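Visitor: Before we start, here is the structure in question, set down as structure tokens.
Read-outs throughout are calculated quantities, based only on the coordinates presented, and are distinct from any laboratory measurement. All of these numbers come straight from a predicted model, not from anything done at the bench. Cβ sites come from the backbone with ideal geometry, for glycine too, and all protein chains shown count toward neighbours.
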Amino acid sequence: MQYDTLDVQFAGQIATVTLNRPDVRNAFNETMIAELTSAFTALNDRDDTRAVVLAANGKAFCAGADLNWMKKMAGYSDDENRADAMRLADMLSAIYRCNKPVIARVSGDAYAGGMGLISVCDIVVAVEGARFCLSEARLGLIPATIAPYVIRALGEQASRRYFTTAEQFDCATAFRLGLVSEMVSAEQLDATVRQIADALCANGPQAVRACKQLVQDVAGRELNAALIEETAARIARTRASAEGREGVASFLDKRSPTWRV
């Protein structure tokens, strides 16, 4: 896969998608949005890939929208603005709905839409010096397209504050609020990301996909009879699957399962 704004590399069962516009702090424009959508759609269909790392070149992870792209938007009609916003929404959905777990490797600041990119990932590993900001209100805008994901990741009460104040907050705060899964030094970043990716690849690939989907489907739902019945049906199907049977058999036989290389 060849892209103008991304670098996509494969190492064993791990794919790394790197934002590659360091000269503009990896701000995204229409090209990057289209390429991220394409890249994650393609990764979704690859059986040889079991974990994805979303990384960035340069000092910043992502500064949000590119200024030149924003200048174009100023002249858009209502229909053009809606279509443009939907392309961004489709990109975020492509990452969020990717059937492989996605690890954000946050090596620097994430602002505005960059917060959206982090929030659609399943696991976020960030350097201690990274800063975060939902800066839209400063420009008279709102973080609407990224809101469904950011509110899930950051929490409702914290989102009330940072959406409206557009304050910058540090990595320790992001970690405390649950946006960041692991806060590490720059020297520990790659090793920590690799450790998590290796842990994901050691598990049953179908089970990992089903676990990711399970969280998305169950989170926020009312705990009622229908949900209890649905989750019971899911484990029953998993137990009867070839991977489920192999996993239990390998455990009882004290051997590695066939998916572990």
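Visitor: So if I place +1 on the C-beta of Lys and Arg and -1 on the C-beta of Asp and Glu, and nothing else carries charge, what would the dipole magnitude of region 49-191 be about its Cα centre? I want it in debye, nearest 20. Intermediate results must be reported in sequence, preceding the final value.
Guide: Working: 15 positive and 16 negative charges, 30 e Å.
For this selection, approximately 140 debye.
Visitor: In a shell of Cβ-Cβ distance under 13 Å around GLU167, excluding GLU167 itself, what net charge do Lys and Arg (+1) and Asp and Glu (-1) give?
Guide: Working: positive: ARG131, ARG138, ARG160, ARG161; negative: GLU136, ASP170.
Local net charge: +2.
Visitor: Please work out the C-alpha center-to-center distance from region 169-245 to region 31-106 and express it in whole Å.
Guide: Between the Cα centre of region 169-245 and that of region 31-106, the gap is 21 Å.
Visitor: Decide, for region 166-214, between rounded, prolate and oblate: order the square roots of the alpha carbon gyration tensor eigenvalues as a ≥ b ≥ c, take rounded if a/c falls under 1.5, and otherwise choose prolate if a/b is larger than b/c, else oblate. Could the numbers behind the result be given before it?
Guide: Details: a/c = 4.32, a/b = 1.60, b/c = 2.69.
Since a/c reaches 1.5 but b/c is at least a/b, the shape of region 166-214 is classed as oblate.
Visitor: Once a ≥ b ≥ c are taken as the square roots of the eigenvalues of the Cα gyration tensor of region 57-113, is the result rounded (a/c under 1.5), prolate (a/b larger than b/c) or oblate (a/b not larger than b/c)? Each step should come with its number before you reach the end.
Guide: Numbers: a/c = 4.21, a/b = 1.37, b/c = 3.06.
Note, shape of region 57-113 comes out oblate.
Visitor: Cross-link candidates for LYS71: which lysines have Cα within less than 28 Å, leaving aside residues fewer than 8 places away along the same chain?
Guide: Straight-distance partners of LYS71: LYS59.
Visitor: Could you pull out every one of the lysines with an alpha carbon less than 26 Å from that of LYS212, ignoring same-chain neighbours closer than 8 positions?
Guide: Output for LYS212: LYS100.
Visitor: Here's something else I'd like to know. Going through region 12-67, which trypsin sites (Lys or Arg not before Pro) have at most 16 other Cβ atoms within 10 Å and a DSSP loop state? Walk me through the numbers on the way to the answer.
Guide: Working: sites: ARG25, ARG46, ARG50, LYS59; in loops: ARG25, ARG46, ARG50, LYS59.
Hits after loop and neighbour filter: ARG46, LYS59.
Visitor: Provide the three semi-axes, in whole Å and in decreasing order, of the ellipsoid equivalent to region 1-125 as defined by the square roots of 5 times the Cα gyration tensor eigenvalues. The partial results should precede the final answer.
Guide: Details: eigenvalues 114, 52, 31 Å².
Calculated on Cα positions only, the semi-axes equal 24, 16, 12 Å.
Visitor: Could you give the semi-axes, largest first, of the ellipsoid that matches the chain, computed as the square roots of 5 times the alpha carbon gyration tensor eigenvalues and rounded to whole Å?
Guide: Details: eigenvalues 216, 89, 70 Å².
Gyration-tensor ellipsoid for the chain: 33, 21, 19 Å.
Visitor: Next question. ALA202 versus ASP47, label points 7 Å from Cα toward the beta carbon: distance in nm?
Guide: 2.5 nm
Visitor: Once Lys and Arg get +1 and Asp and Glu get -1 on their Cβ, which of MET86, ALA226, ALA147 lies farthest toward the positive end of the dipole of the chain?
Guide: Going by the Cα projections, it comes out as ALA226.
Visitor: Please give the residues of region 107-149, grouped as numeric ranges, whose backbone N is less than 19 Å from a label point set 7 Å along the Cα-to-Cβ vector of LEU227.
Guide: Once the point is set 7 Å along Cα→Cβ of LEU227, 149 turn out to lie under 19 Å by backbone N, inside region 107-149.
Visitor: Okay, next question. For ARG194, what charge total do you get from the other residues with a beta carbon under 14 Å from its beta carbon, if Lys and Arg give +1 and Asp and Glu give -1?
Guide: Neighbour charge sum, excluding ARG194 itself: -2.
Visitor: Sticking with this structure for a sec: By average Cβ neighbour count within 10 Å, what is the ranking of 203-214, 127-138 from highest down?
Guide: Numbers: 203-214: 17.1, 127-138: 19.2.
For the peptides 203-214, 127-138, the packing ranking is 127-138, 203-214.
Visitor: How high is the FRET efficiency between ASP253 and CYS211 when r is their beta carbon distance and R₀ equals 30 Å, given to the nearest 0.05? Please list the in-between numbers first.
Guide: On the way: r = 24 Å, r/R0 = 0.78.
Once rounded, the FRET efficiency stands at 0.80.
Visitor: So what's region 203-253 giving for Cα Rg divided by 2.2 N^0.38 Å, two decimals?
Guide: Details: Rg = 12.6 Å, N = 51, 2.2 N^0.38 = 9.8 Å.
Output field value: 1.29.
Visitor: Which FRET efficiency value, to the nearest 0.05, is calculated for ALA186 and GLU246 with the Förster distance at 35 angstrom and r the Cβ-Cβ distance?
Guide: On the way: r = 40 Å, r/R0 = 1.14.
According to the calculation, E is roughly 0.30.
Visitor: Name the residue from ALA126, ASN99, GLY247 whose Cα lies farthest towards the positive end of the charge dipole of the chain, charges +1 on Cβ of Lys and Arg and -1 on Cβ of Asp and Glu.
Guide: So the residue we want is GLY247.
Visitor: Just want the ordering: LYS100, LYS71, LYS254, from fewest to most Cβ atoms lying within 10 Å of their own Cβ.
Guide: Working: LYS100 23, LYS71 9, LYS254 6.
So the residues, fewest neighbours to most, are LYS254, LYS71, LYS100.
Visitor: Hey, got the dipole for the chain? About the Cα centre, +1 on K and R Cβ, -1 on D and E Cβ, debye to the nearest 20? Provide the component values of the computation, followed by the final result.
Guide: Numbers: 29 positive and 32 negative charges, 121 e Å.
So the magnitude is around 580 debye.
Visitor: Ignoring everything except DSSP H segments at least 4 long, calculate the 222 nm mean residue ellipticity for the chain; use -39,500 (n - 2.57) per segment, divide by total residues, nearest 500. Mind dumping the intermediate values first?
Guide: Working: 11 runs with 128 residues, N = 261.
Taking each H run of at least 4 residues, the total per residue is -15000 deg cm²/dmol.
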